[in-house]
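Report on the structure given below.
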Amino acid sequence: MVLTCTAQVAYIAAFSRESPFAGPCFFFEGLSMSRRCELTGVGPMVGNNVSHSNVKTKRRFLPALKAITLQSEVLGQSFRLRITNAALRTLDFRGGLDVFLVKAPDADLSLRAVRIKRQLKAKLAAQAAA
(Lines give C-alpha, C1' and ligand atoms only; values in the text may rest on other atoms or scores of the structure.)
Protein backbone atom coordinates (compact mmCIF):
# COMPACT_ATOMS: atom_id res chain seq x y z
CA MET A 1 0.00 0.00 0.00
CA VAL A 2 1.57 3.26 -1.17
CA LEU A 3 0.36 6.44 0.52
CA THR A 4 0.92 10.04 -0.46
CA CYS A 5 2.48 12.46 2.02
CA THR A 6 -0.89 13.85 3.10
CA ALA A 7 -2.37 10.38 3.43
CA GLN A 8 0.56 9.25 5.56
CA VAL A 9 0.09 12.17 7.96
CA ALA A 10 -3.66 11.42 8.19
CA TYR A 11 -2.93 7.71 8.74
CA ILE A 12 -0.46 8.45 11.53
CA ALA A 13 -2.84 10.94 13.16
CA ALA A 14 -5.74 8.47 13.03
CA PHE A 15 -3.89 5.51 14.52
CA SER A 16 -1.51 7.20 16.94
CA ARG A 17 -2.04 8.92 20.27
CA GLU A 18 0.82 11.27 19.47
CA SER A 19 1.05 14.08 17.00
CA PRO A 20 2.14 12.91 13.54
CA PHE A 21 5.02 15.35 13.78
CA ALA A 22 6.21 14.25 17.25
CA GLY A 23 8.65 11.57 16.09
CA PRO A 24 10.83 11.18 13.04
CA CYS A 25 8.67 11.37 9.91
CA PHE A 26 9.30 8.37 7.70
CA PHE A 27 8.02 10.06 4.56
CA PHE A 28 10.77 12.69 4.75
CA GLU A 29 13.52 10.08 4.47
CA GLY A 30 14.94 11.61 1.28
CA LEU A 31 15.54 14.94 3.04
CA SER A 32 18.91 14.31 4.63
CA MET A 33 19.29 17.85 5.94
CA SER A 34 16.69 17.74 8.68
CA ARG A 35 18.16 18.91 11.97
CA ARG A 36 17.27 15.77 13.91
CA CYS A 37 19.53 13.11 15.42
CA GLU A 38 18.96 9.75 13.73
CA LEU A 39 19.55 7.76 16.93
CA THR A 40 18.01 9.81 19.74
CA GLY A 41 15.46 11.90 17.83
CA VAL A 42 16.74 15.14 19.37
CA GLY A 43 15.68 18.13 17.28
CA PRO A 44 15.59 21.91 17.48
CA MET A 45 14.22 23.50 20.65
CA VAL A 46 12.67 26.92 21.04
CA GLY A 47 13.67 29.49 23.64
CA ASN A 48 14.25 33.18 24.18
CA ASN A 49 17.13 35.56 23.69
CA VAL A 50 17.03 37.80 26.75
CA SER A 51 18.62 41.20 26.39
CA HIS A 52 20.12 43.31 29.15
CA SER A 53 16.83 45.23 29.32
CA ASN A 54 15.00 41.88 29.70
CA VAL A 55 13.37 42.04 26.25
CA LYS A 56 12.67 38.51 25.08
CA THR A 57 12.83 37.49 21.42
CA LYS A 58 12.26 33.97 20.11
CA ARG A 59 15.20 31.85 18.97
CA ARG A 60 15.96 28.25 18.07
CA PHE A 61 18.50 26.03 19.80
CA LEU A 62 19.82 23.67 17.13
CA PRO A 63 21.37 20.31 18.05
CA ALA A 64 25.09 19.84 17.42
CA LEU A 65 24.91 17.29 14.61
CA LYS A 66 27.82 15.44 13.03
CA ALA A 67 27.87 13.06 10.08
CA ILE A 68 29.63 10.03 11.56
CA THR A 69 30.51 6.63 10.09
CA LEU A 70 29.68 3.96 12.67
CA GLN A 71 30.75 0.32 12.56
CA SER A 72 28.36 -2.52 13.30
CA GLU A 73 30.37 -5.44 14.68
CA VAL A 74 27.56 -7.98 14.24
CA LEU A 75 26.67 -6.99 10.68
CA GLY A 76 30.26 -6.27 9.64
CA GLN A 77 29.20 -3.06 7.90
CA SER A 78 29.68 0.65 8.40
CA PHE A 79 26.81 3.12 8.37
CA ARG A 80 26.93 6.89 7.90
CA LEU A 81 24.47 8.60 10.26
CA ARG A 82 23.87 12.20 11.37
CA ILE A 83 23.92 12.11 15.17
CA THR A 84 24.43 14.60 17.98
CA ASN A 85 27.64 14.85 19.96
CA ALA A 86 25.74 13.66 23.05
CA ALA A 87 24.56 10.54 21.15
CA LEU A 88 28.15 9.84 20.14
CA ARG A 89 29.22 9.93 23.79
CA THR A 90 26.27 7.67 24.69
CA LEU A 91 27.30 5.18 21.98
CA ASP A 92 30.80 5.10 23.39
CA PHE A 93 29.51 4.64 26.95
CA ARG A 94 27.06 1.83 26.07
CA GLY A 95 29.55 -0.13 24.01
CA GLY A 96 28.83 0.64 20.37
CA LEU A 97 26.12 0.93 17.76
CA ASP A 98 24.79 -2.62 18.10
CA VAL A 99 24.11 -2.42 21.84
CA PHE A 100 22.56 1.03 21.51
CA LEU A 101 20.18 0.05 18.68
CA VAL A 102 18.96 -3.14 20.38
CA LYS A 103 17.90 -1.17 23.47
CA ALA A 104 16.63 1.98 21.70
CA PRO A 105 12.86 2.44 21.18
CA ASP A 106 11.78 2.58 17.52
CA ALA A 107 9.94 5.87 18.08
CA ASP A 108 13.23 7.70 18.68
CA LEU A 109 15.06 6.23 15.68
CA SER A 110 14.98 7.45 12.09
CA LEU A 111 13.76 5.12 9.34
CA ARG A 112 17.34 4.28 8.35
CA ALA A 113 18.23 3.44 11.95
CA VAL A 114 15.11 1.26 12.32
CA ARG A 115 16.13 -0.66 9.19
CA ILE A 116 19.62 -1.19 10.61
CA LYS A 117 18.04 -2.36 13.88
CA ARG A 118 15.87 -4.90 12.02
CA GLN A 119 18.90 -6.27 10.17
CA LEU A 120 20.78 -6.46 13.45
CA LYS A 121 17.98 -8.32 15.25
CA ALA A 122 17.61 -10.77 12.35
CA LYS A 123 21.35 -11.47 12.37
CA LEU A 124 21.38 -11.94 16.15
CA ALA A 125 18.39 -14.30 15.95
CA ALA A 126 20.12 -16.32 13.21
CA GLN A 127 23.29 -16.54 15.31
CA ALA A 128 21.28 -17.64 18.37
CA ALA A 129 19.46 -20.33 16.36
CA ALA A 130 22.69 -21.72 14.92
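The values are calculated or read from the model by the stated rules, or taken from the named source; none is laboratory data. Keep in mind that what you see is a predicted model, and the values were worked out from it rather than measured. Heads up, the Cβs are rebuilt from the backbone with ideal geometry, glycines too, and the neighbour counts pull from every protein chain shown.
Annotations for the structure displayed:
- Applying the criterion of being of a type in the set (A, V, I, L, M, F, W, C) and not in a helix (DSSP H, G or I) to the residues of segment 88-130, the residue that is nearest to GLU38 (Cα to Cα) is LEU109.
- Within this structure, THR69 fails the test of being buried (at least 18 other Cβ atoms within 10 Å of the Cβ) and under 16 Å from the mean Cα position of the chain (by Cα).
- All of (1) exposed (fewer than 10 other Cβ atoms within 10 Å of the Cβ); (2) within 15 Å of the chain's Cα centre (by Cα) hold for THR57 with one exception: (2).
- Scope segment 75-87; condition surrounded by 15 or more Cβ atoms within 10 Å (Cβ to Cβ) and under 17 Å from CYS37 (Cα atoms); matching residues: PHE79, LEU81, ARG82, ILE83, THR84, ALA87
- Yes/no for THR57 being outside any loop (DSSP other than H, G, I, E, B) and at pLDDT below 95: no
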